[in-house]
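Below: one structure, written as structure tokens.
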Amino acid sequence: MKILREFAAAVQFTTRIPVPAYRYEPELVLSGAKFYPLVGALVAAGAIAVDRLLRSHLPATLTALAVVIYLVLITGGFHEDGLADAADAFGGWTRERKLEIMHDSRIGSFGTLAIVLSLVARWGLLSAMPVAQVPWYLLAAHVLCRWTTLPLGTFMNSARSDGLGARLAHKIPLSATAVGSLLAFAIAGWGLRLQAVVPIVSVSVVTLLSGLYYRSQIGGVTGDCFGATNQLAEITVYLCGVWR
């Protein structure tokens, strides 16, 4: 069935989860984008399992550390790499120089700081979150942070003619974004009930502002921009979970 092949392509494209029953079909990445929130739910299920298995045996800080390590491993640091490259690039320079820096696989001092701060922020926020809330905010965070790719990929132009951004930017069908949005908001709402309103609105604002910033700086998005917004959205949801 095509729908299963699309879901498999979404899993293979955004995670390191093996899907041996299906070969990777890059041409299905765009139509399968509607399943990105479901992939986030799948990733979150593993994080929740790690949290539940360790919570009764370890302090909250060590449990949160294990969850963050799992999240990095399950995606191969895909989004952290994007955040690092974006942080290095947006430190000044001309548009051409920013794009050149993002194309460079090496990580500079700003990129290193961005990764460290992202890891510390996620670890600290998960450690501080009320125990009963952790599973639901993990679910909401990973559904919504993957949702951010949909509006950016539908409404933003690509800042360059090659690379990951060019494969997604202004190419994700509006129908996929509509379906993916319904899935993302429904899953977040199921987990958090009325509390989901604040994370949904907050992530939407982060997505809008980051998209406008990318457009002002480089005229569109790159693959690194998608990763950076993903990371900011995840942290934003966790922050909603500890805000008093």
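Any read-out appearing in this document is the output of simple, stated calculations on the displayed coordinates, not a laboratory observation. All values derive from a computational prediction rather than experimental measurement. FYI the Cβ positions are ideal-geometry reconstructions off the backbone, even for glycines, and counts take in every protein chain you see.
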Inside the stretch 101-137, the number of residues satisfying the requirement of being over 17 Å from the mean Cα position of the chain (by Cα), surrounded by fewer than 18 Cβ atoms within 10 Å (Cβ to Cβ), aliphatic (A, V, I, L, M) and assigned to a helix (DSSP H, G or I) is 4
- Report yes if some residue within the stretch 214-230 is surrounded by fewer than 22 Cβ atoms within 10 Å (Cβ to Cβ) and hydrophobic (A, V, I, L, M, F, W, C); otherwise report no. no
Quiz item: Within the stretch 49-62, is there a residue that is hydrophobic (A, V, I, L, M, F, W, C), within 15 Å of E234 (Cβ to Cβ) and touching a residue at least 24 places away in the same chain (Cβ under 8 Å)?
Solution: no
